[in-house]
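Encoded as structure tokens, the structure appears first; notes follow it.
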Number of protein chains: 2
Amino acid sequence: MKNNVNRRNFLKTTTAAGLGLALTPGFVLGRNPSNSQGQVSIGFIGVGLRGRSHLNLISGRDDVTVPAICDVDPDAITKAQKVLRDNGKKEAEAYTEDANVYRKLLERQDLDGVIIATPWRWHSPMAVDAMKAHKYVGLEVPAATTLDGCWDLVKAHEETGTQLMFLENVCYAREVLAVLQMLKNNLFGTPVHATCGYKHDLRGVKFDGVEFGEKANNEAKWRTQHSLKRNADLYPTHGVGPVAKWFNINRGNRFEYLTSVATKSEGLHQYIVDHPEGGPDHPNAKLDWKLGDIVTTIIKTANGETIVISHDTNLPRPYSWGFTLHGTKGIWNGQYEGRRIYIEGKSKQHQWESGDDYDAWMKKYDHPLWKKYENAAREAGHGGIDYFTDRTFVECVKQNAYPPIDVYDAAAWSSITPLSEESISLGSKSVNFPDFTGGRWIKREPVFGRSKIF
Amino acid sequence: MKNNVNRRNFLKTTTAAGLGLALTPGFVLGRNPSNSQGQVSIGFIGVGLRGRSHLNLISGRDDVTVPAICDVDPDAITKAQKVLRDNGKKEAEAYTEDANVYRKLLERQDLDGVIIATPWRWHSPMAVDAMKAHKYVGLEVPAATTLDGCWDLVKAHEETGTQLMFLENVCYAREVLAVLQMLKNNLFGTPVHATCGYKHDLRGVKFDGVEFGEKANNEAKWRTQHSLKRNADLYPTHGVGPVAKWFNINRGNRFEYLTSVATKSEGLHQYIVDHPEGGPDHPNAKLDWKLGDIVTTIIKTANGETIVISHDTNLPRPYSWGFTLHGTKGIWNGQYEGRRIYIEGKSKQHQWESGDDYDAWMKKYDHPLWKKYENAAREAGHGGIDYFTDRTFVECVKQNAYPPIDVYDAAAWSSITPLSEESISLGSKSVNFPDFTGGRWIKREPVFGRSKIF
């Protein structure tokens with residue numbers, strides 16, 4: 001199907017989705033030509049730290065070949081080739097000349113899909129180009145940094161009929177999927193409220209010593225600029241993705257509006273001042289960091305739930321996703337927030353269940369695919385979430401199946417960044433979400449975690 | 001000074017406060033005439049469950065007499081007289097004829113102060129009348145349910161020169177005061193963010209069985225109407241009071257604006273439907289409850305901090321004040337939120353201190369007055385917080401001293417109810433706080449927890 005998707009085919013595909021025919025992952029949109037022996041061929045755009053992590057998991061599979069990789073950093077290419085060799089794969093053809101050479105990779109006819117794991121601002125344009133080149137896209141988070149970028153993804157998908165899976169790995173956390181099972185089994189009654197966030201002391205990631213940008217390596221090269229220039233929830237999807245799946249966002253529900261409030265910005269400045277390589281006279285101590293240390297966003301959904309999202313990356317703290325779920329029959333706090341649960345009529349009145357009692361609940365509602373792939377997931381590292389994310393992506397590409405985390409999820413979740421920025425800049429005015437589904441959210445049915453692809 | 005406070009005296013008093021002369025509790029504004037032997041005389045308006053709790057603590061003291069009590073419920077009067085007798089005190093003169101008979105009590109010349117613990121809507125008008133009658137007021141929370149009610153308190157204080165102590169008891173929680181000590185000692189660096197709230201499953205309080213109003217007793221008689229009629233943070237002060245003290249609100253800082261978002265209302269309806277005395281056909285199952293089950297409010301302060309307040313009273317859950325404090329050097333979670341602390345450079349990197357390690361921190365920064373009165377407080381019940389609140393009130397009345405929790409605190413904290421209601425009704429628009437101090441917040445210095453009165 002690669003190069004002859006026309007407007008008619010596009011309409012067929014998207015109408016099928018609109019009518020609810022493509023409601024479960026596994027609904028096969030078309031065979032991939034290179035997939036005759038259950039094999040798929042995946043290219044990689046961006047093989048820095050994060051890209052190589054995907055490369056390692058995906059090239060370690062027997063059903064995947066990786067003929068092409070792309071990165072502007074030759075050192076990243078060298079390290080990526082070693083990952084391939086270590087996994088018993090051939091070295092890939094490398095595309096490294098300049099920032100636009102990824103388009104050459106996309107011209108290849110032997111790729112069924114691509115993983116995009118580049119700096120944030122490249123995510124949307126690269127994914128759009130990849131969809132136009134009819135490559136099944138696996139896109140790292142966030143999907144876009146602007147509202148236009150979110151819309152571009154949706155339009156490219158709808159115009160080309162090409163799929164995009166949004167690689168939001170926290171959706172595959174064991175506790176996230178157990179809570180999904182609990183909701184399916186009505187354990188919490190009607191869900192009413194959730195909290196989530198990205199609470200991660202990134203000061204050591206944002207700086208090499210106290211340097212960033214050209215003088216720095218890895219993410220400090222580009223990520224830190226966002227903290228300098230923008231006051232917004234820069235990284236909402238790890239928190240909000242799982243909650244969106246619990247609340248069936250874009251499938252019977254949607255984000256209606258948000259309001260965001262940012263604290264002052266103290267953390268990064270203080271870090272530079274206190275650092276042995278910094279001090280009050282270091283040039284970076286003169287910078288005016290736009291990002292408030294903690295940005296709190298409240299979303300109201302069409303079904304009446306609220307979601308409180310915390311973006312907290314400039315201050316000392318232990319890591320957390322900040323998960324809480326509260327319904328008419330119970331409340332749950334996730335692994336970083338105390339691991340505790342209270343279910344009316346089952347828990348001792350007014351008392352949390354924690355420790356072994358908590359574990360028993362989580363075991364009872366463990367997701368079947370987590371049970372099945374537990375060992376493989378554990379060996380893959382990162383708590384297993386990347387294993388399931390990449391597994392799902394590869395299975396989707398194999399079958400050219402509709403992804404369980406799709407382009408509408410990518411757009412809605414990532415739009416929180418520009419919308420929170422707008423809210424903050426207007427004194428915490430509430431700001432409406434666009435409806436990226438064009439009204440189809442009303443009829444679309446939940447699919448995530450509900451099929452073998454999951 | 002009782003009946004001859006004129007405009008001139010008022011100006012002297014408030015100007016003294018304005019100039020920072022009355023900065024510490026213990027600054028004596030004038031002797032109380034009945035206080036010649038270190039004795040004070042306290043009247044009680046409202047001797048329901050909450051009023052009798054104060055009555056028990058205060059009448060148990062050797063330095064207090066209670067000559068007058070007031071309640072429209074004769075049964076409450078009977079129970080209150082028993083409290084007095086059990087404490088070895090004479091029965092008080094009872095005022096019980098009608099809702100306005102409290103004014104007769106206020107006409108008495110033998111009262112130095114009054115405690116007001118009536119249904120919410122009476123708090124502000126009764127406190128205004130009490131200040132006009134030159135009785136030192138101890139006012140239960142919330143101080144008012146409307147913005148006008150907040151202003152009335154401030155104006156009455158400024159016009160009469162009479163003091164009001166706001167009886168927000170959570171300010172005296174041991175952990176709240178320890179955190180105050182930690183902040184004074186710069187343990188958290190610059191404070192940036194806090195969370196708090198009133199997370200209390202009140203369904204059993206809001207209903208007798210599934211009845212409320214005239215058919216019910218105690219708080220279900222009147223409190224439940226607020227959930228029926230208003231969508232707002234109805235009860236903000238237990239959470240926000242302590243945070244306001246940590247952040248020096250009205251004393252070098254102030255609440256600037258807030259934005260509030262409410263969930264749908266499911267909890268109370270579901271409770272009635274599921275209750276053995278209720279069911280789907282019960283008349284109360286037809287009611288349209290205005291109060292969203294969870295109301296989340298974010299306040300931005302003049303100094304750039306944010307405060308996230310949760311009002312959560314309609315759903316099953318264990319009790320919590322929801323306290324978190326986050327600064328440039330560390331983060332803390334309170335007794336209901338995991339009891340854990342992380343201090344940069346002292347805690348193991350990226351790891352919470354909990355259990356004994358947490359306790360050691362709390363012990364190190366235990367407030368001196370908690371250490372001193374620990375046993376007395378423990379015997380008084382309620383975790384000791386009421387002991388310290390009432391002790392402080394009595395000491396303030398004895399010396400006619402400026403209270404550590406004053407009328408401006410009462411107004412600012414309580415104004416969250418009408419302001420959150422306005423924000424919610426306008427689709428979570430951000431709403432500015434009035435400046436109840438008339439600009440004096442800029443120069444006023446922190447006093448709470450800093451003197452023997454504390």
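The values are calculated or read from the model by the stated rules, or taken from the named source; none is laboratory data. Worth saying up front: this structure is predicted, and the values here are computed from it rather than measured. Using ideal geometry, Cβ is built from the backbone for each residue, glycine included, and neighbour counts are taken over all protein chains shown. Please note that ligands, DNA and RNA were not included when accessible areas were found on the heavy atoms of the full protein model with its side chains. Shrake-Rupley method; radii C 1.70, N 1.55, O 1.52, S 1.80 Å.
A few comments on the model shown:
- Selected residue (only one of A:Ser430, A:Ser414 is open to solvent by 10 Å² or more (accessible area, probe 1.4 Å), at pLDDT 95 or above and either in contact with a helix residue (DSSP H, G or I) (Cβ under 8 Å, 6 or more places away or on another chain) or among the aromatic types (Phe, Trp, Tyr) (or both)): A:Ser430
- When region B:255-284 is limited to residues that are touching a residue at least 24 places away in the same chain (Cβ under 8 Å) and small (Gly, Ala, Ser), the one that is nearest to A:Ser423 (Cα to Cα) turns out to be B:Ser260.
- Qualifying residue in region A:261-268 (condition: open to solvent by less than 10 Å² (accessible area, probe 1.4 Å) and within 30 Å of A:Trp441 (Cβ to Cβ)): yes
- Test: residue in region B:385-400 that is basic (Lys, Arg), touching a residue at least 24 places away in the same chain (Cβ under 8 Å) and in a loop (DSSP other than H, G, I, E, B): no
- Condition broken by B:Lys12, with the remaining ones in (1) modelled with pLDDT of 55 or more; (2) closer than 30 Å to B:Lys155 by Cβ satisfied: (1)
- Residues being more than 17 Å from A:Arg108 (Cβ to Cβ) and of a type in the set (A, V, I, L, M, F, W, C) - total across region A:72-93: 3
- Of all residues making up region A:280-304, the number that are in a strand (DSSP E or B) and either within 7 Å of chain B (Cβ to nearest Cβ) or farther than 26 Å from B:His350 by Cα (or both): 6
- Residue in region A:395-413 that is of a type outside the set (Phe, Trp, Tyr) and within 14 Å of chain B (Cβ to nearest Cβ) present: no
- Within region B:311-327, considering residues that are over 13 Å from B:Asp201 (Cβ atoms) and within 8 Å of another protein chain (Cβ to nearest Cβ), the one farthest from the chain's Cα centre (by Cα): B:Gly327
- The one condition from (1) outside any loop (DSSP other than H, G, I, E, B); (2) out of contact with any Phe, Trp or Tyr (no Cβ under 7 Å at 6 or more places or on another chain) that A:Phe448 does not meet is (1).
- Some residue of region A:124-145 being in contact with a helix residue (DSSP H, G or I) (Cβ under 8 Å, 6 or more places away or on another chain), among the basic types (Lys, Arg) and open to solvent by 10 Å² or more (accessible area, probe 1.4 Å): yes
- Residues (in a loop (DSSP other than H, G, I, E, B) and among the small types (Gly, Ala, Ser)) located in region A:109-161: A:Ala117, A:Ala133, A:Ala143, A:Ala144, A:Gly161
- Tally, over region A:257-274, of residues that are more than 7 Å from chain B (Cβ to nearest Cβ) and either out of contact with any helix residue (DSSP H, G or I) (no Cβ under 9 Å at 6 or more places or on another chain) or at positive phi (or both): 1
- Residue satisfying condition, being crowded, with 24+ Cβ neighbours inside 10 Å and either of a type in the set (Lys, Arg) or part of a helix (DSSP H, G or I) (or both), within set A:Tyr408, A:Tyr373: A:Tyr408
- Residue match in region A:376-383 (condition: open to solvent by 40 Å² or more (accessible area, probe 1.4 Å) and within 14 Å of chain B (Cβ to nearest Cβ)): no
- Total residues in region B:72-85 satisfying the condition of being in a loop (DSSP other than H, G, I, E, B) and within 18 Å of B:Ser41 (Cα to Cα): the figure is 0.
- Selection status of B:Leu202, more than 30 Å from B:Gly330 (Cβ to Cβ), open to solvent by less than 10 Å² (accessible area, probe 1.4 Å) and out of contact with any strand residue (DSSP E or B) (no Cβ under 9 Å at 6 or more places or on another chain): yes
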